[in-house]
1. Cβ-Cβ distance below 9 Å, separation of 6 or more or different chains: which pairs start in the range 34-55 with a residue that is under 21 Å from C73 (Cα atoms) and end on one that is at pLDDT below 85 and open to solvent by 70 Å² or more (accessible area, probe 1.4 Å)?
2. Could you tell me how many of the residues in the range 43-55 are open to solvent by less than 100 Å² (accessible area, probe 1.4 Å) and either within 21 Å of the chain's Cα centre (by Cα) or not aliphatic (A, V, I, L, M) (or both)?
3. It is to be established whether one or more residues within the range 16-32 are at pLDDT below 75, more than 17 Å from the chain's Cα centre (by Cα), open to solvent by less than 80 Å² (accessible area, probe 1.4 Å) and over 27 Å from L65 (Cβ atoms).
4. Just name the residue that is farthest from N46 (Cα to Cα) out of those in the range 56-74 that are in a helix (DSSP H, G or I) and open to solvent by less than 50 Å² (accessible area, probe 1.4 Å).
Amino acid sequence: MFRQSHWLLLDAILCIGPANANEQLRDDALEFLGPLPSKRESPDDNPVSPHRMALGQRLFADPRLSETGKESCDSCHDPA
């Protein structure tokens with residue numbers, strides 16, 4: 001039977017482990033991929049326009065594009 005100290009140790013491992021793993025994953029990704037560019041270039045045959053940006057914002061906020069049709073991309077992701 002587990003003693004209280006065993007439960008506390010298990011609790012600590014479960015709480016601390018994933019955070020360290022997430023930090024390590026982030027650090028590995030940054031080292032492999034490098035930083036994101038500060039400005040994104042658009043292809044010559046598909047230039048950015050106010051109309052296309054508005055369309056992208058509407059699609060990002062549209063829940064109908066999700067698997068369940070109930071959550072939009074912006075419910076989890078902050079585009080800012």
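1. Filtered contacts from the range 34-55: V48/R40.
2. 4
3. Checked the range 16-32: at least one residue is at pLDDT below 75, more than 17 Å from the chain's Cα centre (by Cα), open to solvent by less than 80 Å² (accessible area, probe 1.4 Å) and over 27 Å from L65 (Cβ atoms).
4. P63
The values are calculated or read from the model by the stated rules, or taken from the named source; none is laboratory data. All values reported here derive from a predicted model rather than from experimental measurement. Cβ atoms come from the backbone with ideal geometry, glycine included; neighbour counts cover every protein chain shown. Quick note on the areas: whole protein, heavy atoms, side chains included, nothing else; ligands and nucleic acids left out. Shrake-Rupley method; radii C 1.70, N 1.55, O 1.52, S 1.80 Å.
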